[in-house]
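J.: After the structure tokens below, expect a handful of questions from me.
No lab work stands behind these numbers, since they all come straight from the coordinates. Predicted model only: the values in this text are computed from it and were never measured. Neighbour counts are summed over all protein chains in view; Cβ atoms, including those assigned to glycine, are modelled from backbone coordinates with ideal geometry.
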Amino acid sequence: MMNNLAEDLKQVLDWLKYLLSKWLVIGVISILIGVYGVYVAIKDKPQYESHLTFALEEGNDGLSGAMSLAAEFGFSIGGGQSIFAGENILEIIKSRNIIERTLLSVDTLDKRPVTLADWYRNILKALTVKDKNSNYSNVSFPVGQDRKTFSYLQDTVLLTLKEGIVRNFLNVGKADKRTSLFIINFRSPDEHFTKVFTEHLLRETTDYYTEIKTKRSKQTLDILESRVAHMKGNLNSAVTGRLEIQDANINPAFLKAQAPVQIKQIDAETYGAAYAELFKNLEMARVQYLKEIPLLQVIDDVNYPMKRIKLGKAKNGISYAIIGGLLMSFLFSIIYVLKKMNIIKSK
């Protein structure tokens, strides 16, 4: 066993001696790669990163009241946990729906309205010498164009932009595992665009959040408003009909002539009682709806100046040099092994 250990140690020492004999080649190539790293850092465009922190407060989950009101009128509203419960909001922020809605939202650039998708594409074009695909370079997203009228090429470009943003430039997460604070970080080469995109992303998320969170109670509210309006129409019709019949039968001596008046009176009282009950339920549904509206409160807003991210020349040069040295050492190690196996003849 000792002999085997000594043999292994001798092989390791021989390998190290072989690498040391190539120190000049390894050193020169490492320096050249390090110089290239400095060049890359010089040519690198700075990135500007936003930082937004927000707290999420769920609306008061009192769906039982709204559901009982809906059931009263034959409309079933299913229960279940909100899709926004817990940390699902983070996945929704990065979803295709929200990112594309953000890219298609409109802001002002050079005193003219422009979609964020066109703005972002112009930024990317400025960073490259030439667009590899001329067809893609001609695609635009005009302000006001209906999403349903997009061509296949427009959909493709929009999806490409979304995937690039989520993969490389957007980071969402929790500020701390113990808290309910969430963060959004977004990077781009344009400081103004970074701010605008982050703000629009939060706005689209908030709108979508509120829409889904209050959808069930809004359905109940709409049903009740429709029923109240219908019942009020019936009540008004009954009251008007009773008065018309009274006018037509001026002589109260004939009891039979009063029958239609009494019938209309009963209708009016019945509709009045039903209207009062429905109106009370409608007010309850309105309160319920307001309770379920969630609160998304910004803690740290997006403000200038943004965090400027740029490769450091010294740091990048040293990193490239180290990587170059490791790669050359690995290459010479392979050559050493091949020589030991007599696959490559030693000189």
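J.: Each residue of region 195-208 in order: what ³J(HN,Hα) in whole Hz does its phi give by Karplus 6.51 cos²θ - 1.76 cosθ + 1.60, θ = phi - 60°, with x for Gly and Pro?
T.: Using θ = phi - 60°, the values come out as 5, 5, 4, 4, 5, 5, 4, 5, 5, 5, 5, 4, 4, 5 Hz.
J.: A further question on this structure: How do 41-51, 16-26, 185-195 rank on mean C-beta neighbours within 10 Å, highest first?
T.: Top to bottom by mean Cβ count within 10 Å: 185-195, 41-51, 16-26.
J.: Next question. Could you work out the percent of alpha carbon pairs in region 7-53 separated by over 11 Å, rounded to a whole number?
T.: Considering region 7-53, 76 percent of its Cα-Cα pairs are separated by more than 11 Å.
J.: Related question: I need the peptides 143-150, 324-331 ranked by packing, meaning the mean over residues of other C-beta atoms within 10 angstrom, with the highest value on top.
T.: Highest mean packing first, the order is 324-331, 143-150.
J.: Is the shape of region 297-347 best called rounded, prolate or oblate, per the rule: a/c under 1.5 gives rounded, else a/b larger than b/c gives prolate, else oblate, with a ≥ b ≥ c the square roots of the Cα gyration tensor eigenvalues?
T.: prolate
J.: Continuing with the same structure: Provide the gained length on full extension for the span Ile42 to Lys307, in nm with one decimal, where the gain is 0.36 nm per separating residue minus the Cα-Cα distance.
T.: Using 0.36 nm per residue and subtracting the Cα-Cα distance, I get 93.5 nm.
J.: Apply the Karplus curve 6.51 cos²θ - 1.76 cosθ + 1.60, θ = phi - 60°, to the phi angles in region 305-321 and return the couplings in whole Hz, x for Gly and Pro.
T.: Result, ordered by residue: x, 6, 5, 8, 10, 8, 5, x, 4, 5, 5, 5, x, 5, 4, 4, 5 Hz.
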